[in-house]
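S.K.: First the structure, then my questions, so here it is.
Every number here is computed from the coordinates shown, using simple stated rules; none is lab data. Not measured: the values here are computed from a predicted model. Heads up, the Cβs are rebuilt from the backbone with ideal geometry, glycines too, and the neighbour counts pull from every protein chain shown.
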Amino acid sequence: MKKTRPARPDVPFDARREIAVQLSDVSFGYDRRRPVLKSIDMTIPRGKVVAIMGGSGCGKTTILRLIGGQLRPQSGKVLVAGQSVPDLDRDGLYALRRRVGMLFQFGALFTDLSVFENVAFPLREHTELPEDMVRDLVLMKLNAVGLRGTAALKPSELSGGMARRVALARATALDPMLVMYDEPFAGLDPISLGVVGQLIRRMNDALGITSVVVTHDVYESLKIVDYLYFVSEGRIVAAGTPDEVRRSQDPFVRQFVDAEPDGPVPFHYAARPLAEELSRVI
Amino acid sequence: MSSSGIARGVARGLRRVGGGTVETITRLGFASRFFIAVLYHTPGAFRRLRLTLREIYFSGVLSLVIILVSGLFVGMVLALQGVEVLERYGAQESLGIVVALSLVRELGPVVAGLLFASRAGSAVTAEIGLMKATEQIAAMEMMAVDPLARVVAPRFWGGVVSMPLLAALFSTLGVFGAYLVGVKLIGIDAGAFWGNMQAAVDFRRDIVNGVIKSVVFGMIVALIAVFEGYDAKPTAEGVSTATTRTVVGSSLMILAADFVLTVFMFRGVGL
Amino acid sequence: MNRATIDLWVGIFVTIGIAALIFLSLKVGNLLTTTNAPGYRLEARFDNVGGLKPRAPVKAAGVVVGRVESIRLDPKTYEGVVTMRINEGFNFSKDTIASVLTSGLLGEVYINLDAGGDPAMLGNGATIAKTQSAVIIEKLIGQFLFEKAAEGANK
């Protein structure tokens, strides 16, 4: 049954621009009184893999949501391929999201569809390609992540690492210009960690796309990325290439890279001194 | 307790009531906008006919067992109780009328609606809530597919289509159950049973009104179910709270709507 | 659960649902017995229509030949004017008697038509000349008591 879709205007995304994503002086808070991000400046060049690192709950995922247009910043500019994301209308947002792929934590595969149908989903929704072409594309994408044999399985039958890879195939199904990864290494065994890391790097170079990886896995990130940003308490506290980061003397970077329990990010949650608490007469 | 303490307690109580009322009204507004958005995406749901059919299966077909069995038992109990009362006036032959009118006008739509809310409504709420919790809804949005069109609207219309059919089946099984007990078991004349029933049950007044009721109840249950699922907090407690709210909310709304519709339909006011 | 199975079950479900609706309409309800069959109207005037309601049956020799359409009060003569719709194919003579009867002790109220011998038939919109009003129990009891009292006085 041929589906006809209303024609959508094409928003001019200049995918050949040198700067793929730019955040300027961006501030945001889910609750107006408590900002999650304060004056963030970030530049992500085209074709590079950039990592955003930080402790849990420091606002890394929020940055991804701002880039993808799910949230509007309270101040500042968010530019993707030259277009200001918060100013896009519904059609513009639609066009943006067709060119951007996102890999969610734990995959977020559609549990009622098979692996094949999951990867075919964006192709079927956004293109008018005939079924045999869709089939070929899906199998090629699955082959790129090494899971062509799982095409008939359901997501519930996959391991965590495999689900993550299928989600990667789905995120790159339409050959996007930008792919965002939300904690792609979370909860994986060492082998899967290596596989996912390699896939991110190789996909990026092979497809000529830009990748933004939000993670707190230092080891894997240093192996594959071109640049890192460190976020703490809503601000960027450090940035640099992997070599610069390894050599950095910044206390926050050192605590993070060396995995020290205490440092600029304190071990103890804010509380009264222990001696005072113990000696209190109830 | 000092008078200022009492005053403070009262003020706190009032603040809570006021806050709760404001929250309820805000939620009601959100629900109304949601309803309009779901209706807006209806053509999308029917273009994706496959999805809607699948939802009719999950809401309707999978509720068949409970509806059919309940209908049968309700009809049989109605017959037993009805005969006991009608015998006092020597009017057992009117059993068919009593059972048929009770079922077609009230019990069919209402009881089927309550059962549907518990079985299918809670399932839809849990499904959508879990999809939200595992970020499947967000993933769909990021792939520029509107989850309202693809996930919510098909489930809504699946419920609306299933309800009248289930209510009709409930009433049919109920009449059949009453027939089994009244005619076969107790010995009322079959001709009187069916004949009196046919003379008393009017197509336009009783059956059509019953169908209208079941459609309205179907919309109520389907809307509350999808809304609570979509609005659920993405945690285990959130989904559990949402399913409870679906069942309780749908049931209360069905009974309230039943009252309003019955007033209009059967007391000669308006319709 | 593949597509073919789902389609099959949904098809079965919708079929039995519609079948149930048809069953209710025909066997439980009165869909076919009171269709908008072609027919004509007759009027009748009563001193008292009793418990007669619109859509009550009109019977001749116990067979339903039509329905009561409307009942109103004539403001000048204070009679109850009943408009009936008689199905096509039943013709009644001009000297037909229309009476308001009750079927059984607690049954429904209906109009009974007793046809006479007049060769001329009632046409569309005609008024039945001879009518017998409903029996009101209270008047009957009052009459009975009055007769009993008169009997006792005469002795």
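S.K.: Out of all Cα-Cα pairs in chain A, roughly what percent, to the nearest whole number, are more than 26 Å apart?
M.R.: On the way: 19071 of 39621 pairs.
That tail contains 48 percent of the Cα-Cα pairs.
S.K.: For region C:39-141, what is Rg from Cα atoms divided by 2.2 N^0.38 Å, rounded to two decimals?
M.R.: On the way: Rg = 13.0 Å, N = 103, 2.2 N^0.38 = 12.8 Å.
Dividing the Cα Rg of region C:39-141 by 2.2 N^0.38 Å gives 1.02.
S.K.: May I pose another question? How long are the semi-axes of the equivalent ellipsoid of region A:8-135, defined as square roots of 5 times the Cα gyration tensor eigenvalues? Whole Å, largest first. Working shown, then result.
M.R.: Working: eigenvalues 164, 71, 40 Å².
The three semi-axes for region A:8-135 are 29, 19, 14 Å.
S.K.: Which order do the peptides B:228-235, A:244-251, A:97-104 take when ranked by the mean count of other beta-carbon atoms within 10 Å per residue, highest first?
M.R.: Going from most to least packed, we get A:97-104, B:228-235, A:244-251.
S.K.: Let me ask you something else. Kindly put A:PHE110, B:PHE259, B:PHE227 in sequence by how many other C-beta atoms sit within 10 Å of each C-beta, fewest to most.
M.R.: Values: A:PHE110 20, B:PHE259 10, B:PHE227 25.
Lowest count first: B:PHE259, A:PHE110, B:PHE227.
S.K.: Roughly how crowded by other chains is peptide B:49-62, in terms of the mean Cβ count from those chains within 10 Å of each of its Cβ atoms? Mind dumping the intermediate values first?
M.R.: Values: counts 1, 4, 1, 1, 7, 6, 2, 6, 8, 4, 1, 5, 8, 2.
Other-chain Cβ atoms within 10 Å of each residue's Cβ, averaged: 4.
S.K.: A further question follows. Evaluated at 25 °C with a viscosity of 0.890 mPa s, what Stokes-Einstein diffusion coefficient in µm²/s does region B:25-82 have when Rh comes from the Kirkwood expression over alpha-carbon pairs?
M.R.: 167
S.K.: Something else about it: If you wrap region B:41-266's Cα atoms in a convex hull and average its projection over all directions, what's the area in nm²?
M.R.: Details: hull surface 53.7 nm².
So the Cα hull casts an average projection of 13.4 nm².
S.K.: Spin-label point model (7 Å from Cα, Cβ direction): what's the B:GLU23 to C:THR83 distance in nm?
M.R.: Output for this residue pair reads 5.9 nm.
S.K.: Using only the Cα atoms of region A:160-282, what semi-axes does the equivalent ellipsoid have when each is the square root of 5 times a gyration tensor eigenvalue? Give whole Å, largest first. Please report the intermediate quantities before stating the final value.
M.R.: Details: eigenvalues 260, 64, 33 Å².
Whole-Å semi-axes of the equivalent ellipsoid: 36, 18, 13.
S.K.: Rank the residues A:VAL50, B:VAL99 as a footprinting-exposure proxy: fewest other Cβ atoms within 10 Å of their Cβ go first. Mind dumping the intermediate values first?
M.R.: On the way: A:VAL50 22, B:VAL99 30.
By the 10 Å Cβ count, ascending: A:VAL50, B:VAL99.
S.K.: Which aspartates and glutamates does C:LYS94 reach when only Cα atoms under 16 Å apart count, and residues fewer than 8 places away in its own chain are ignored?
M.R.: Once the sequence-local aspartates and glutamates are set aside, what remains near C:LYS94 is C:GLU43, C:ASP114, C:ASP118.
S.K.: Quickly rank A:189-199, B:27-37 as a protection proxy: mean count of other C-beta atoms within 10 Å, highest first. Before the final figure, lay out each step's value.
M.R.: Numbers: A:189-199: 16.1, B:27-37: 12.7.
Per-residue Cβ counts within 10 Å, averaged per peptide and sorted highest first, yield A:189-199, B:27-37.
S.K.: Can you give me the three principal axis dimensions of the protein assembly as shown from its C-alpha atoms, in Å, biggest first?
M.R.: Extents along the principal axes: 135, 80, 52 Å.
S.K.: Going 7 Å from the Cα of C:GLU147 toward and past its Cβ, which residues in region C:104-136 have a backbone nitrogen under 20 Å from where you end up?
M.R.: Answer for region C:104-136: C:132-136.
S.K.: Provide A:PHE256, C:PHE23, B:PHE156 in ascending order of the number of other Cβ atoms located within 10 Å of each residue's Cβ, fewest first.
M.R.: Numbers: A:PHE256 25, C:PHE23 18, B:PHE156 29.
Arranged by neighbour count, lowest to highest, A:PHE256, C:PHE23, B:PHE156 become C:PHE23, A:PHE256, B:PHE156.
S.K.: What pairs from A:LYS38/A:LYS77; C:LYS27/C:LYS59; B:LYS213/C:LYS27; A:LYS38/A:LYS223 go past 18 Å between their alpha carbons? List each step's numbers first, then the result.
M.R.: On the way: A:LYS38/A:LYS77 13 Å; C:LYS27/C:LYS59 21 Å; B:LYS213/C:LYS27 21 Å; A:LYS38/A:LYS223 29 Å.
In this structure, C:LYS27/C:LYS59; B:LYS213/C:LYS27; A:LYS38/A:LYS223 lie more than 18 Å apart at Cα.
S.K.: Also: If you restrict to DSSP beta bridges whose two residues both lie in region C:31-155, what percentage is antiparallel, to the nearest 5? It would help to have the intermediate numbers written out before the result.
M.R.: Numbers: 26 of 34 bridges.
Antiparallel bridges: around 75 percent, rounded to the nearest 5.
S.K.: For region A:227-243, take each phi angle, set θ = phi - 60°, evaluate the Karplus expression 6.51 cos²θ - 1.76 cosθ + 1.60, and give the result in whole Hz per residue in order, putting x for glycine and proline.
M.R.: In residue order, the calculated couplings are 7, 10, 10, 10, 10, 9, 6, x, 10, 7, 9, 7, 7, x, 6, x, 5 Hz.
S.K.: Here's a follow-up. Hey, what number do you get for the protein assembly as shown at 222 nm if only DSSP H runs of n ≥ 4 count, each worth -39500 (n - 2.57), divided across all residues, to the nearest 500?
M.R.: Details: 24 runs with 344 residues, N = 708.
The helix contribution divided over the protein assembly as shown gives -16000 deg cm²/dmol.
S.K.: If amide hydrogens are placed 1.01 Å from N in the peptide plane, which non-local residues have theirs closer than 5 Å to the one on A:SER232?
M.R.: Long-range HN contacts for A:SER232: A:VAL237.
S.K.: Calculate log10 I(q)/I(0) of region B:99-145 for q = 0.14, 0.29 Å⁻¹, where I(q) comes from the Debye formula with a single equal point scatterer on each Cα and nothing for solvent.
M.R.: -0.53, -0.92
S.K.: Would you tell me the mean number of C-beta atoms belonging to other protein chains that fall within 10 Å of each C-beta in B:201-210, as a whole number? Write down the numbers at each step before the final one.
M.R.: On the way: counts 7, 5, 11, 5, 3, 5, 8, 3, 0, 3.
Counting Cβ atoms of other protein chains within 10 Å of each residue's Cβ and averaging gives 5.
S.K.: How large is the convex hull of the Cα atoms of region B:132-205 per residue, expressed in Å³ as a whole number?
M.R.: Numbers: hull volume 9.0 nm³, N = 74.
Dividing the Cα hull volume of region B:132-205 by its residues yields 121 Å³.
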